[in-house]
Each structure stands twice: as structure tokens, then as C-alpha cells.
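Just so it is clear, none of the values below were taken in a lab; they were calculated from the coordinates. Predicted model only: the values in this text are computed from it and were never measured. Cβ coordinates were reconstructed from backbone atoms using ideal geometry, including for glycine residues, and neighbour counts include every protein chain displayed.
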Amino acid sequence: MPARRSDQWGSRAAAEAVSGRQDSSPSMPVEVLIPCYERPAELAVTLSGLAAQVDADFDVVLSDQSEQPIWEEPSVLAMIRVLRAQGRRVRCERNLPRRGLAQQRQFLLEHSSAPFVLFLDSDVWLEPGVITRLRRALMEYGGGFIGSAVQGLSYLDDRRPEEWQRFELWEGTIEPEPMPRSGPAHERWKLHNAANLCHIAARTDFDDRGFLVYKVAWVGACVMYDRRRLVECGGFEFWDRLPAEHAGEDVLAQWQVMRRYGGGALLPSGAVHLETPTTVTERSTEAAELLDQDSGVR
């Protein structure tokens, strides 16, 4: 039987008995929220990365829209068992019919209650320690979110210094920023192309914390939010104003948080994109273009 905890977030004694770890960082629980649609092999890899986050206090919520429940796949089920053996709660929710990514994310948000929520796509592997770094950065720097931009390691030999020019660190606390629809702030999106962050990290000196926080246009696939602030800014409630086939819902949600609280991302990232084909094939409707500040989005 998997170890059970005595209260909502509970003791990590059972997990430490399995993993032998000690969590000396301030306890601030996290829920990892994973939108799922097909691709069980990729999800199993994602969950294996979570199982290696032995220094962090978190639980997991899966929202699945696959034809058959994705947790019935042996590889996925095996990793769920590992996480539960560590003492973590893993909740498996079905969310049908499919009504688009924004609705998926809002569904997950409404099924969460932790102070911090990490939206993690089902095709991302995290190196050990990433969740702890994200949580620590959000607690130290403030703001509404901190992301780890995914890196495509097939691009390690593809150096693009011309795309590094907009790299700028946050000094001190994160501050609110206007929505970066255009101009220099918008050009920061190029930082997350290919393996740019790997190359920037290789030429950066880090302090004793082992990470820095930099300014972003937005961050995809791996973003930790202060849940209260995300909800206060509307979350993904705009989902019902979008067609089911859309993209950019995370961009719009982050822009809403940025203009009130600000946001940033970690260097080094520690998030690796599995580089498998996307399940979002129709991108003609961009949420941030269809629903902007002038049309009433909070």
C-alpha cells in the first residue's frame, strides 16, 4: 500500500523512508498540474522526472482527455505507483469533452488548492532539483510566476548569439510589467528558442544559490504560479470565449499576471523538451491576439 499522510499536506516521513532524502528548504507545498492527451510514453518520462524531485514537497493532478484513460497504460501506471510510494498524492481526473487547452488549464486550476501550482506539459523532463529552485525563486523574488523554459537538446551545437541580446536579469524583486505585445520586451521570446538557455548558462557565473532569475516575454510548458495571484488575475476563465482549437492560452494568462505582479524564469532551466510531435496542430487562433486588454480580459 502507498504511504498515506496524516493531513492535507502532511509529513514527508514516508517519502523520506523510501528515498532517504531530507528537505531542509522552507515548506511551501506545490501541486503539479499536468494536462494530458494521448502520448503515454512521453507522460511516463515526465512523471519519472517528477519522481526524481526528491528534495521537494509536491503532489500531482492529471487531467486526461485521451480516448482511453492514459493512466491505464503500464508505463504511466508504474510511475504513478512510484510517486505514491514516495508518499505523494496523485489524482487522476477525466475532463471530457475536449474544449481546448485553456479549459484544460482552468479545470486543473479549479482542482488545485496548494499555495503554488506548477503547470507542466506532458512532454517535459525535469532534472532533479527544478521544483525546489522554482519554489525558492518565487518565494525570494516574488511576482506572480517563475518558469523553466524547455530546452531542445538536439540544438546543443546550434549557437544563436544574436538571439541572446535581450537577456536581462531581475535584480532584487520582480516588478509588474506592461503586457509585452511588441517592442524589446516582446523580443525576449527568442531566448527560449532551440538550446539558447543552455548556451547562456554555460557563460554565466552563478552565486551560491545556483540559479538566477531573468525577464521574459512568456514561458511555455513549465511554469510555477502563486496560485492566489493567478486566480486573482482571472486564471484561464477566458476559455469559453475561444474556439476549442486555439493556442497561446498560457501567454495570455501570463500577461495578465505580469501586468499586476510581474514574472520571470530560471537560469539554468533544467527543463528538457522531449521534442516529439505536438498534439496542438491547429494554431490559427492565438488567444492573446483574439482576447486582449481592450476586449475585456482582466
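With runs of 4+ DSSP H residues as the only contributors, calculate the mean residue ellipticity of the chain at 222 nm using -39,500 (n - 2.57) per run, divided by the residue total and rounded to the nearest 500.
Numbers: 10 runs with 86 residues, N = 298.
Rounded to the nearest 500, the figure is -8000 deg cm²/dmol.
Using the Cβ-Cβ distance between GLU289 and ARG98 with R0 = 22 Å, the FRET efficiency computed as 1/(1 + (r/R0)^6) comes to roughly 0.50. Distances between every pair of Cα atoms in the chain, grouped in 5 Å steps from 0 to the bin holding the largest one, split as 1, 5, 12, 17, 19, 18, 14, 9, 4, 1, 0, 0 percent. At full extension, THR276 and ARG81 could sit 67.7 nm farther apart than now, given 0.36 nm per residue minus the alpha carbon distance. Mean-square fluctuations from a GNM of the chain, with a 10 angstrom spring cutoff on Cα atoms, peak among VAL130, VAL117, VAL82 at VAL82. Two numbers describe the Cα atoms of region 151-198: Rg and Dmax, which are 12.5, 35 Å. With each label modelled as a point 7 angstrom along the Cα→C-beta vector, the ARG228-SER48 pair spans 3.9 nm.
Once fully extended, how much extra length lies between ASP158 and GLU171, figured as 0.36 nm per residue of separation less the alpha-carbon to alpha-carbon distance?
Values: separation 13, 0.36 × 13 = 4.68 nm, distance 2.92 nm.
Answer, rounded to one decimal: 1.8 nm.
Mean-square fluctuation check for the chain, GNM, Cα pairs under 10 Å: which of ASP208, ASP64, ASP157 is largest? Largest GNM mean-square fluctuation: ASP208.
When only DSSP loop residues count, what chymotrypsin sites (Phe, Trp or Tyr not before Pro) in region 156-214 have their Cβ near at most 13 other Cβ atoms within 10 Å?
Values: sites: TRP164, PHE167, TRP170, TRP189, PHE206, PHE211, TYR214; in loops: TRP164, PHE167, TRP170, PHE206, PHE211.
Passing sites in region 156-214 are PHE206.
Rg and Dmax over the alpha-carbon atoms of region 103-225 stand at 14.8, 42 Å. Comparing SER182, SER122, SER269, which has the greatest mean-square fluctuation in the GNM of the chain with Cα pairs linked when under 10 Å apart? Most flexible of the set in this elastic network: SER182.
Only the Cβ atoms of Lys and Arg (+1) and of Asp and Glu (-1) were treated as charged; on that basis the dipole of the chain about its Cα centre amounts to roughly 680 debye.
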